[in-house]
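**Q** Can you keep this structure in mind? I'll have questions shortly.
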Amino acid sequence: MLAEILLQLIPALRSAFLGLQATEESQLNRWVYYMLLAGVIQIGLLGYMILLMDWATLWAATIGNLLFIAAYAGLFAILILSKGENEVISYLQLDLEQAPTGKQAMWCLVCMLMLIAQSFFSGRYARRWKRDK
């Protein structure tokens, strides 16, 4: 789960690192802050799972992951359907000049698929754990 979280954070950490290295005073885009916040929340869920190993904890982490899947799916749909002209895209300050919409959409799809697989297996394991208990 930690490897999956770190893979999700690659673009945000890269942008933050490049922002720190910039000589001029530049501000980070909003999406970087939201991605870092999502990473901190997911690391918190991982810590919760490690501290309290139980089938209910796995269900809670699965439901938490499903919320992140919904966010990625929504952003994926907006990126695919809007062609770069949407209020959400402008609010998040997604630089479509730096990275094309298709590349950002595919990143959302990859993160969504990783979270779906993780949720599927943790949900199955939680159900099996509860049944065997």
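**Q** Quick check: pseudo-label points 7 Å beyond the Cα along Cα→Cβ at ALA71 and LEU113, how many nm apart are they?
**A** A separation of 2.2 nm, rounded to one decimal place.
**Q** Before rounding to the nearest 500, sum -39500 (n - 2.57) across all DSSP H runs of length at least 4 in the chain and divide by the residue total; then give [θ] at 222 nm in deg cm²/dmol. Walk me through the numbers before you get to the answer.
**A** Working: 6 runs with 107 residues, N = 133.
Theoretical 222 nm ellipticity from helices: -27000 deg cm²/dmol.
**Q** If I take every Cα pair under 8 Å that is 6 or more residues apart in the chain, average their sequence separation and divide by the length, what percent do I get for the relative contact order?
**A** Numbers: 105 pairs, mean separation 41.3, N = 133.
Rounded, it is 31 percent for the chain.
**Q** Hey, with R₀ at 30 Å, roughly what FRET efficiency would LEU46 and GLN93 work out to, going by the Cβ-Cβ distance, to 0.05?
**A** Working: r = 28 Å, r/R0 = 0.94.
Efficiency computed from Cβ-Cβ geometry: 0.60.
**Q** Of ILE80, ILE63, CYS111, whose Cα points farthest to the positive end of the dipole of the range 37-133 (charges on the beta-carbon: +1 Lys, Arg; -1 Asp, Glu; origin at the Cα centre)?
**A** Going by the charge dipole, the pick is ILE63.
**Q** Assuming a ≥ b ≥ c are the square roots of the Cα gyration tensor eigenvalues, decide whether the chain counts as rounded (a/c under 1.5), prolate (otherwise, with a/b larger than b/c) or oblate.
**A** Values: a/c = 3.07, a/b = 1.81, b/c = 1.69.
The shape class here is prolate.
Rule-based calculations on the coordinates, nothing more; no lab input. The structure displayed is predicted, hence computed values, not measured ones. Cβ atoms come from the backbone with ideal geometry, glycine included; neighbour counts cover every protein chain shown.
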